[in-house]
Each structure stands twice: as C-alpha cells, then as structure tokens.
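Asks: Right, I'll just put the structure down here and ask away after.
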Amino acid sequence: MKHSHTAKILLFTLILGLIIDIAWVKQVANKNTDNSISYLVESIEFTLEQVEAQLTQLDHHSLPCSTENRQKLEDIIFNSSVIQEITYIENDRFICSDRDHNNQQAIDNKHLKLTDNSSDYIIYRATSERRNVEGIFFMVPANNGWYQVLFNARYMDFWIDELADHHQVFACFKSNNDNALYNCENKSSKHIVYSASKQSAKYPFHAVGGYTNQIFFKIWFKQLPYAALIIISLSCIVTLTVHAYFNWRHSLLNDIQRGIERKEFIAYYQPIVDANTNHWHGAELLVRWNHPKSGIITPAEFIPAAEQSGQINQITLQLLERAAYEKSTINELAPNSYISVNVTASMITNTDYVESLIGLIKQYPVLQNNVVLEFTERETFATAELGLLLSGMERLREVGVRWALDDFGTGYAGLSTLQTLSFDILKIDRTFVASSVTDAITHSILGNIAEMGLELNCTLVAEGVETAEEAEHVAQLGIQRCQGFYYAQPMPYTDYFAALKKRIKTSNTHLSELNENLGIPL
Ligand SMILES: Nc1nc2c(ncn2[C@@H]2O[C@@H]3COP(=O)(O)O[C@H]4[C@@H](O)[C@H](n5cnc6c(=O)[nH]c(N)nc65)O[C@@H]4COP(=O)(O)O[C@H]3[C@H]2O)c(=O)[nH]1
C-alpha cells in the first residue's frame, strides 16, 4: 500500500473519530442535562417538602397563632438558612408571623389574586412589601387560611446557580402560572444546543434547562485528551489493519499467481443425478486449490480475490484444459455425460476471453457438445452489457456449449432477461430446496420456480439436495435433476471416476441379471 493511501486512511479515520466523538459527547451531555434538571427539581421539591413537613407538625387543634405555634415557627426560621419569615394568612389578612402577633394587616392585591383561585400550593417570586426584600413565596394551605413561607431569593439564586454550574447546564425555574422563580434568560438566550423541561410532580413549578454551545465546547474540551488518545489509537489500529489486509491480499494474489504457474488448481467433481432414476448425467466441476503448504483450499478462500483480480480467467482455462484430459477417460465409461463449469458473466462479455475459450474447446474435441457453462443469477446484468453477454453466449453455443443459470431464484434476472438469454438449464438454489419440505411458503415458492423453469423449456436441476425426503419432493415437482450431498459430495477426479465405474458395473450386472431372467441373450 502506498504512503499516500496510508495518510488518507489515517486522516479519514481521524475525521470519522472526531465526528463520532462529537456525537457521543452530545449524547452524553443531553443525558446529563435531563438528569441534572431532574436533580434540580428534586432538590427544590425536597426543600419545600421539609418546610411543609415542619408546618404540618404544628398543633392544629390550638389557634394557628398560639404562642406555642409561633414558637415552633421561630424554631423553623432559626434552623433554616433560606427561610426569612413564615406568616399565617386568613381571610386576606396577615394574622400572625414568627415575629408578629395578631397583625391583621391586609395582604396586597397580588397575593389576593393568587389565593383567590387556588386551594392548593402557590409559589411565586415577588418583593415582600412588609420586609422590602425580594423573595420566593411558598404558600401552603392550612386550617382556614395559608402559611406563607418567604425564602430569601438571593440565597436561592446563589444555590441554584451553584447547582446548575456544577452540572454544567443552565436552569430556569418557573411557577406553573409562568412567574419566573429563577431567571436564566441572560445565560441561555443564545446558541442553545439542547434544552429540556421537567415538571415538579408535587408543587406548581417546573424547570427548563439545557446547555449552550459554549457549555458544550467546555465539556468537549474537558474530555478531549482522553478522546484524542482513543481516536489516535483507533486510527492507528484501523490503518494498520487495512495495511495488513492489503499486504495479505497482495501476497494472496501473488500466491494465486504462483499457483496458476504451477497448475495447482484442480477440479472436484460433484455428480448431477437424474431425480427419478438416479442416473449420473454429468458433474459440476468445483475448483480446489491444491496448495503445497495448506493442502486443499476451498473456493470461498480465494475465488473472490481471483475474480476481482481477473486471475479466475486463467484458472478457468486451466481447469477446462485438465478437464479435457479427464473427460476423455470418463468418455470410455459414460460418453454422453457432461461437465459443468463455473464462469462469471463478465468473462462472457469479454470478447477476447470468449475467443480463447472457443480456441480451447476446438483444440479438444472431447469438450465439444459436452460442456455446460454456468454463471450465477446474483451477478447483475447491466442492460448495456446484455447484448455483449448474449453474443458471447451465442458464439460459444456454436462450439456446442450449453448454458446454465446458477442459484436460480436468488438473483435479479427478470423473465424477459431469462427469455432473451434462453438458458438450457436452470439450477434452483439450495435455499429453496432445503426448507421446502418443512416450510409451506418455501414449498410453494419452489413449486412456482419449477413451473416457471418448465415453461421456459429448461432442464431443471435442484441444488443442495441433502435428504431422501428432499429428493422425493423435488422429483414430485417435476424437477428432472438433482445435485447434493444426499447423492455425493464433491470429490477428486480419481474418486469420481472410480465411483462412476462402480455404478456402471453394478448397473450392467443388474441389467444382465434382468436380461437373463427375461431370457434375452447378452
Ligand atoms: N450445504 C450444501 N452444499 C452443497 C451441497 N451440494 C453441493 N454443495 C456445495 O454447493 C456449492 C455449489 O456450487 P456453486 O453454487 O456453483 O457455488 C460455487 C461457485 O459459485 C464457486 N466456484 C466453485 N468453483 C468455481 C470455479 O471454477 N470458478 C468460479 N468462478 N467459481 C467457482 O464457489 C462456490 C462454492 O463452491 P463449493 O465450496 O465447492 O460449494 C459447492 C458445493 O460443494 C449440499 O447438499 N449441501
């Protein structure tokens, strides 16, 4: 791999890492904001609950302004750093407070308006006329009136400021009638990245909180050293992995090339069997790499690389050439059997390559009329290439090649494409065969595929038949041929030849016995 490529991958992974980091920090900050707002609401609820609990402990059987009760009010004030005054109000008049007794002063209009419409808690921010300080008023219904608790607003502001700062959010508190208990407009008005709101479950106030881009970058900068460490390490790992992959691929391609030069690619034969009589009509040739160090290597490990690099073209020619020798021996036993070889559609759109295939078949007459070439339906046939594909197929038909469509049912070839290319054989993918016995949907799909294939006048081959049940089922659907482990695994040529010989011998013995029984001379 070139240095410029390495630099590009490194830069790409760095940028990607940075984007992921920003998205991650945002996610964490959003969650943190939600939690912080909940925490702030709960903290204020807790403070109010504590005050309310102390008020409910007052003796409600005696008069609210009894000396005893006023003494308790005084204790509450004394023990709290935020509460400035607690007043008892009845019939729109201040009755008493922790320090005044029987005051009877009328409450101002603002309080009147609020208390008129409510029999529940009231909370608002205002300037206390009696004490001339800004406060947060918390009004709790009691007896026939209200306790009015005056919180020091400056102290509350400071406390909320601290909490919000600590949690790296801005927070505003509002009573439910939109009175600002704690205003944060000057802090939050600009560049809000995220905001959330939380209603107190018990008291009539809610909090709005969030963070601005300034806060976001503060959080981001704080964790940047750790993120940088992770991003740089990951970028290095990705770059090294890609580097290793390219090196591996490069050496794989070199190794394949060496394998081609030393003719290490061989064919394993898997019989294609008659679904009704079990007669072997031919065999599919499945490439194996007879590697000097690793032994037999299956196609999945090298075909994708060989197809991408184009080395598959040479491998296929070698396979066919070797098959020509092998086929001449097979012909002694089964002259009408065929061999089926995998090609790719792009090989057939390559006119030069088609000519080299034709040259090879002409050189070995044993291959003429005995070769099926198959390519998979999964390869997409670009309309522009369809003409080339068709003329390549036609050229090869002239030397007796027949055509099979592999993995039928899994790809994208439409009916018109299938009609245009007019395949001789359709090989139905094993996924339809495997579950057709147990699954009703696959069963009906397989039936439809079979019907369609027969309408197209093709010979059908069911791939991947693994059980007697599947074999029987396939035959019932009118599929003429089968291939699969139920009949035989792919095997080296010598094993295939031996198995074929044994079968022919057995069937000949059987035939002569039959003839003898029928009185027919041999
Ligand atoms: N589970 C199961 N599998 C079964 C059964 N019967 C056969 N098979 C496997 O299914 C594959 C059938 O080949 P394919 O669909 O052409 O799929 C082939 C074909 O696409 C590709 N391939 C093989 N040889 C060549 C070649 O010479 N050239 C090219 N271009 N591709 C090839 O590699 C693929 C895999 O080949 P293999 O590993 O040999 O795998 C073979 C075979 O061993 C069965 O009953 N059950």
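Asks: What spacing in nm lies between the two simple spin-label points modelled at D495 and H250, each 7 Å away from Cα in the Cβ direction?
Replies: 3.8 nm
Asks: Restricting the count to DSSP beta bridges whose residues both fall in the range 281-514, what percent are antiparallel, rounded to a multiple of 5?
Replies: Antiparallel: roughly 10 percent of the beta bridges in the range 281-514.
Asks: Run through the DSSP bridge list for the chain and note the antiparallel percent, rounded to the nearest 5.
Replies: Within the chain, antiparallel bridges account for around 70 percent of the total.
Asks: Hey, another quick one. What stretch of the chain, leaving out the sites themselves, is the longest with no chymotrypsin sites (Phe, Trp or Tyr not before Pro) in a DSSP loop having at most 13 other Cβ atoms within 10 Å?
Replies: 1-411
Asks: Rounded to whole Å and ordered largest first, report the semi-axes of the equivalent ellipsoid of the range 3-213 derived from its Cα gyration tensor (root of 5λ).
Replies: So the equivalent ellipsoid measures 48, 15, 13 Å along its semi-axes.
Asks: Can I ask one more? One-quarter of the Cα convex hull surface for the range 228-295, in nm²?
Replies: Seen from a random direction, the Cα hull of the range 228-295 projects 8.2 nm² on average.
Asks: Here's something else I'd like to know. Which number comes out as Rg/Rh for the range 1-83 once both Rg and the Kirkwood Rh are worked out on C-alpha atoms?
Replies: Radius of gyration over Kirkwood radius for the range 1-83 works out to 1.60.
Asks: Normalised by the number of residues in the range 281-514, what is the relative contact order in percent for Cα pairs under 8 Å and 6+ residues apart?
Replies: 13 percent
Asks: Would you mind telling me the antiparallel percentage of the DSSP bridges in the range 241-344, rounded to 5?
Replies: Percentage antiparallel, nearest 5: 75.
Asks: Now for a different question. Taking neighbour Cβ counts within 10 Å as the exposure measure, how do D495, D100 sort from fewest upward?
Replies: D495, D100
Asks: Moving to a separate point now. State the answer as a single residue: which of V25, I37, A305 lies farthest towards the positive end of the charge dipole of the chain, with beta carbon charges of +1 for Lys and Arg and -1 for Asp and Glu, about the Cα centre.
Replies: A305
Asks: Given Cα pairs under 8 Å that are at least 6 residues apart, what percent is the relative contact order of the range 160-267?
Replies: Averaging sequence separation for qualifying contacts and normalising by length gives 19 percent for the range 160-267.
Asks: Continuing with the same structure: Would you work out the relative contact order for the chain, in percent, from Cα pairs under 8 angstrom that are 6 or more residues apart?
Replies: Over the chain, the number comes to 10 percent.
Asks: Let me know the shape class of the range 157-282, please: from the alpha-carbon gyration tensor, a ≥ b ≥ c as square roots of the eigenvalues, rounded when a/c is under 1.5, otherwise prolate if a/b is greater than b/c, or oblate.
Replies: oblate
Asks: If you take the square roots of the eigenvalues of the alpha-carbon gyration tensor of the range 281-514 and sort them as a ≥ b ≥ c, do you get rounded (a/c under 1.5), prolate (a/b over b/c) or oblate?
Replies: Rounded.
Asks: Further, regarding this structure: When you take every Cα atom in the range 210-324, what is the radius of gyration, and what is Dmax, the widest Cα pair distance, in Å?
Replies: Radius of gyration, then largest Cα-Cα span, for the range 210-324: 25.6, 81 Å.
Asks: Lysine pairs in the range 281-514 with Cα distance under 20 Å, only those 8 or more apart or on different chains: how many are there?
Replies: Final tally of qualifying lysine pairs is 4.
Asks: Provide Rg over Rh for the chain; use the alpha carbon set for both Rg and the Kirkwood Rh (inverse mean inverse pair distance).
Replies: 1.38
Asks: Pairs of lysines 8 or more apart, or on different chains, with alpha carbons under 25 Å: count those in the range 3-213, would you?
Replies: The number of close lysine pairs in the range 3-213 is 19.
Asks: What distance in nm separates the simple spin-label points at L317 and I15, each placed 7 Å from Cα in the Cβ direction?
Replies: 4.3 nm
Asks: If you don't mind, another one. Given the -39500 (n - 2.57) contribution per DSSP H run of 4+ residues, what per-residue ellipticity at 222 nm results for the chain, rounded to the nearest 500 deg cm²/dmol?
Replies: Result for the chain, helices only: -17000 deg cm²/dmol.
Asks: Measuring from label point to label point, each 7 Å out along Cα→Cβ, what is the T506 to R99 span in nm?
Replies: About 11.3 nm separates the two model spin labels.
Throughout, read-outs are computed from the coordinates displayed, never taken from laboratory work. Every value quoted in this text rests on a predicted model; they were computed, and no experiment measured them. We place every Cβ from the backbone using ideal geometry, glycine too, and count neighbours over all the protein chains shown.
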